[in-house]
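This report concerns only the one structure given below.
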Amino acid sequence: MPRSATANILTILETSFDGVVEEWLGTQVQEGVKRSDLFSDAESRTQNADLLKAFSKGVRAGVVDEEFSLEDEAWEDLRVVLADVSKERVSRGVTPTEMATFVLALKAPLFKRLEEHLNDDQGVLIRDVLLVTRLVDAFAVYTNEIFIAERDQIIDRQRQEMLELSTPVVELWDRVLTLPLIGTLDSARAQEVMENLLETILERQAEVVIMDITGVGTVDTQVAQHLLRAAAAVRLMGAECIISGISPMIAQTMVQLGIDVGTVSTRSSIRTALADALQKVGYVIKTTEGA
């Protein structure tokens with residue numbers, strides 16, 4: 001009675017572990033996904049060995065009658081190692097295609113050794129090759145899912161950091177804050193603006209806030225509504241809001257769109273807005289004697 005496919009695969013992984021690791025690396029080089037520009041040979045070899053060790057453990061405990069699921073507990077080690085490897089590869093700029101091809105390259109050394117081991121029994125060879133194909137394909141698909149999830153987390157984190165950097169609230173003077181806005185103002189960024197602004201008003205006990213839109217390229221109905229909502233929130237915090245940077249083009253656009261700023265003060269430049277703000281908190285700007 002022929003040995004099971006799982007037993008044959010495990011025999012190869014146990015008796016030829018180092019050889020499979022090296023040939024896996026070699027196949028990655030042939031496929032152009034080894035990325036020697038990002039990882040040293042030692043790093044690549046360590047990643048391959050760690051993944052292959054976890055893969056072997058999963059095959060031993062997680063394949064029953066040639067059926068398996070990488071979600072099962074038996075594959076936990078592989079999932080953990082894969083998460084670490086994916087995180088490192090994402091951070092260094094590896095693409096999803098390169099990551100999937102990196103895993104799929106494992107087929108070549110396994111197929112080669114199965115052929116050498118089972119050359120006299122083509123039926124068993126085909127059976128074992130099919131199982132290896134299913135295992136490595138499932139491994140590659142799961143790898144891509146983890147890889148993309150990790151990359152999305154990094155993108156979200158970078159986006160959040162960019163939002164924070166692009167919405168700085170600056171204390172210009174005692175009780176006077178300014179919020180210079182640059183670029184587009186979508187719903188997500190508007191929410192970030194409002195949260196940062198209201199927290200800083202409370203922290204600094206501000207009485208006047210200048211929202212400068214000189215760097216905002218286009219003011220449409222949606223952008224105007226975001227600005228007016230922010231101004232309303234500022235008033236609810238007990239402070240006054242001045243919107244500066246209203247150019248003739250923006251003013252004309254807002255009139256054409258029928259946007260009513262209501263009681264919100266507007267100024268053409270941050271200089272005039274600052275002078276107005278200082279006056280509201282009891283300061284007057286004047287030249288020194290002799291100047």
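Values for this structure:
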item: Relative packing of peptides 9-15, 229-235 - highest average C-beta neighbours within 10 Å first; result: 229-235, 9-15
item: Relative contact order (%) - the range 170-281, alpha-carbon pairs under 8 angstrom, separation at least six; result: 30
item: Cα→Cβ-extended label distance, 7 Å offset, between residue 18 and residue 222, nm; result: 6.1
item: Whole-number accessible area per residue in Å² for the chain, which is evaluated in the context of all protein chains at 1.4 Å; result: 54
item: Those GluC sites (Glu not before Pro) in the range 196-291 that DSSP places in a loop and that have at most 16 other beta carbons within 10 Å; result: 289
item: Efficiency of FRET between residue 255 and residue 138 - r from beta-carbon atoms, R0 41 angstrom, step 0.05; result: 0.10
item: Positive-end residue, the range 1-154 charge dipole about Cα centroid, Cβ charges, pick of 149, 131, 42; result: 42
item: Label corresponding to percent of Cα pairs over 31 Å apart when calculated from the structure given, among [x] 53; [y] 39; [z] 30; result: [x]
item: Calculated FRET value between residue 148 and residue 38, using beta carbons and R₀ = 30 Å, to 0.05; result: 0.95
item: Relative contact order (%) - the chain, alpha-carbon pairs under 8 angstrom, separation at least six; result: 13
item: Segment residue 61-residue 156, length gained on full extension (0.36 nm per residue, minus Cα span); result: 30.6 nm
item: DSSP bridge pairs, the chain: antiparallel proportion in percent, nearest 5; result: 20
item: The range 1-156 shape via C-alpha gyration tensor axes, a/c threshold 1.5; result: prolate
item: Cα long-axis angle, helix 5-15 against the chain (0 to 90 degrees, to the nearest 10); result: 80
item: Carbon + sulfur, % of accessible area of the chain - ligands and nucleic acids excluded, 1.4 Å; result: 53
item: Computed [θ] at 222 nm, deg cm²/dmol, the chain (DSSP H ≥ 4; -39,500 (n - 2.57); rounded to nearest 500); result: -21000 deg cm²/dmol
item: Loop-resident sites, the range 62-167, for GluC sites (Glu not before Pro), counting at most 15 other Cβ within 10 Å (DSSP); result: 66, 71
item: Furthest towards positive pole of dipole, 249, 211, 17, structure part the chain, Cβ charges; result: 249
item: Charge dipole (debye, nearest 20) of the range 120-216; +1 at Cβ of Lys and Arg, -1 at Cβ of Asp and Glu; result: 140
item: Span from the the range 16-79 Cα centroid across to the the range 167-187 one, whole angstrom; result: 50
item: Difference of contour (0.36 nm per residue) and Cα-Cα distance, residue 174 to residue 214; result: 12.1 nm
item: Residue 279-residue 202 FRET efficiency (beta carbon distance; Förster radius 35 Å; 0.05 resolution); result: 0.90
item: Length-normalised contact order for the range 2-163 - Cα pairs under 8 Å, 6+ apart - percent; result: 30
item: Reachable lysines, given that their alpha-carbon falls under 30 Å from the alpha-carbon of residue 107 and they are not under 8 places away in the same chain; result: 34, 53, 57, 87
item: GNM result for the chain, Cα springs below 10 Å: residue of 272, 27, 178 fluctuating most strongly; result: 272
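The values are calculated or read from the model by the stated rules, or taken from the named source; none is laboratory data. Keep in mind it's a predicted model, so treat the numbers as computed, not measured. Quick reminder, even Gly has a Cβ in these numbers, built from the backbone with ideal geometry, and neighbours come from all protein chains shown. These area figures cover heavy atoms from the full protein model, side chains too; ligands, DNA and RNA do not enter into them. Shrake-Rupley method; radii C 1.70, N 1.55, O 1.52, S 1.80 Å.
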